[in-house]
Amino acid sequence: KRLQGLPPAFILSCGFDPLHDQNIEYAEKLKAAGVTVDHVNYPNMIHGFTLLRSLLPEADQALTDAILRTKKLVGL
């Protein structure tokens with residue numbers, strides 16, 4: 001696949017996600033293609049943990065990270 005020229009990407013991954021390895025691989029491929037990538041990993045979280053804001057303080061942190069880092073990537 002052609003990844004060159006894609007816009008900057010923010011990738012959030014978590015350790016207990018069936019897609020964890022694929023997220024890391026995708027981030028690495030984007031970087032190798034010259035795409036700006038900001039990848040943050042929450043190693044002790046499960047897939048979909050950001051939906052558990054009332055139970056997990058990490059969910060709020062992850063959502064804040066996503067907003068702030070994406071704004072920075074696009075120059076806002």
Across the chain, how large is the tail of the calculated P(r) beyond 13 Å, expressed as a percent of all Cα pairs? 66 percent
Specify the longest stretch of the chain that does not include any exposed loop site, a site being one of the trypsin sites (Lys or Arg not before Pro) with a non-H, G, I, E, B DSSP assignment and at most 12 other Cβ atoms within 10 Å. 3-76
Considering only protein heavy atoms and a probe of 1.4 Å, how much of the accessible area of the chain is carbon and sulfur, as a whole percent? 57 percent
Do you know the relative contact order of the chain, to the nearest whole percent, from alpha carbon pairs under 8 angstrom that are 6+ apart? 36 percent
Aspartates and glutamates near K72 by alpha-carbon distance under 14 Å, same-chain residues fewer than 8 away left out - which ones? D38
Residue (of C14, Y26, P57) at the positive-pole extreme of the chain, dipole from beta-carbon charges: Y26
What is the helix-to-structure angle for 57-74, meaning the angle in degrees between its Cα long axis and the longest Cα principal axis of the chain, kept from 0 to 90 and rounded to the nearest 10? 20 degrees
Kirkwood Rh in Å, taken over all unlike Cα pairs in the range 24-64: 11.7 Å
The chain, accessible area per residue, ligands and nucleic acids excluded (1.4 Å, Å²): 71 Å²
If I fit a long axis through the Cα atoms of helix 20-32 and take the longest principal axis of the Cα atoms of the chain, what angle between them do I get, 0 to 90°, rounded to 10? 30 degrees
Where nothing but the Cβ of Lys and Arg (+1) and of Asp and Glu (-1) is charged, how large is the charge dipole of the range 20-65 around its Cα centre, in debye to the nearest 20? 80 debye
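The values are calculated or read from the model by the stated rules, or taken from the named source; none is laboratory data. All figures in this text were calculated on a predicted structure; none of them were measured in a lab. Note: ideal-geometry Cβ built from the backbone for every residue, glycine included; neighbour counts use all protein chains shown. These accessible areas exclude ligands, DNA and RNA; they are computed on the full protein's heavy atoms, side chains included. Shrake-Rupley method; radii C 1.70, N 1.55, O 1.52, S 1.80 Å.
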